1. For segment 13-51, give me the residue count where each residue is under 24 Å from the mean Cα position of the chain (by Cα), of a type outside the set (Lys, Arg) and either outside any helix (DSSP H, G or I) or crowded, with 17+ Cβ neighbours inside 10 Å (or both).
2. Name every residue in segment 106-118 that is loosely packed, with under 15 Cβ neighbours inside 10 Å and farther than 21 Å from Ser200 by Cβ, in order of residue number.
3. Ile128: under 28 Å from Arg24 (Cβ atoms), outside the structural domain of Lys35 (by TED's automatic domain parsing) and modelled with pLDDT of 95 or more, yes or no?
4. Taking segment 119-140 on its own, how many of its residues are in contact (Cβ under 8 Å) with a residue 12 or more places away in the chain and either touching a Leu at 6+ places or on another chain (Cβ under 7 Å) or loosely packed, with under 14 Cβ neighbours inside 10 Å (or both)?
5. With the structure loaded, tell me whether Ser189 is among the small types (Gly, Ala, Ser) and in contact (Cβ under 8 Å) with a residue 40 or more places away in the chain or whether it fails that test.
6. Output the residue which, of all residues in segment 200-219 that are under 14 Å from the mean Cα position of the chain (by Cα) and over 16 Å from Ser94 (Cβ atoms), is modelled with the lowest pLDDT.
Amino acid sequence: MFKNITNINFYMVTISRVVEKIIRENPSLEIALAKDLLSYSKLARYLREEVEKETGKKVKDPAIIVALKRMREKAEKMYGPKKAFSADELATNSNLMEITVVRSPSIPGIIQDIYELDEVKKGSVVNITQGNKQTTFIFSDKIEKRVRGMLQNEKVISEIRDLSQISILFSKEVFETPGFLVYVLKEISWNNINLIEVISTYTELALIIKEEDLTKAYKILRKVLF
């Protein structure tokens, strides 16, 4: 008898872990669960084949439904109707562009020259991100000619025009609360907005998107963060 109970408990735990893994790997499903937009029975039938493949056993829908309900409780804490996160300010900038080049020894000098431009000193947007192999420059198209001149000897990998930036300013308390970045990015992704770049500092998060998505993204962030 005790052995059977142990086996059942292990079986349920295994299913719960597999279902949670599947949902976590599908952000759209996770958010839909949190917002109570899905039918448990239909989702269970949809997931059954993958759950059986992961567990190596035949699985009944009621067992998956139990796991989904548990998963919803976890997802709701982060993505449910209550506003677990808030922002202090939203700011936008438009008419931006991005150039990515192969990283080279001359890049530090170029970065310094860009920050010495009068427009940049007066507040014109400049974001520069360096990876191991590449460097990305995001800047106002007003200084495009001069930036291109500085990069003329660099190997350009890509260029993207017609970009905008949404800057989210938040408190130290929000920074120290797990899940804020994921929360914001999933709300944007859920609404079919493509993120070009994500840039973060201590209490500021900047999202680089296409200009055509700016109004939509701004409305979404106002709704979920204020």
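1. Residues in segment 13-51 being under 24 Å from the mean Cα position of the chain (by Cα), of a type outside the set (Lys, Arg) and either outside any helix (DSSP H, G or I) or crowded, with 17+ Cβ neighbours inside 10 Å (or both): 16 in total.
2. Ser106, Pro108, Gly109, Gln112, Asp113, Glu116, Asp118
3. No; evaluated as a whole, the condition is false for this residue.
4. 8
5. Yes: the conditions hold for Ser189.
6. Ser200
Let's see how each residue does on (1) at pLDDT below 95; (2) small (Gly, Ala, Ser):
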site	(1), (2)
Gln134	no, no
Glu144	no, no
Ser171	yes, yes
Lys186	yes, no
Asn191	yes, no
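The values are calculated or read from the model by the stated rules, or taken from the named source; none is laboratory data. Computed from a predicted model, the values in this text were never measured in an experiment. Don't worry about glycine lacking a Cβ; one is built from the backbone with ideal geometry, like all the others, and counts go over all protein chains shown.
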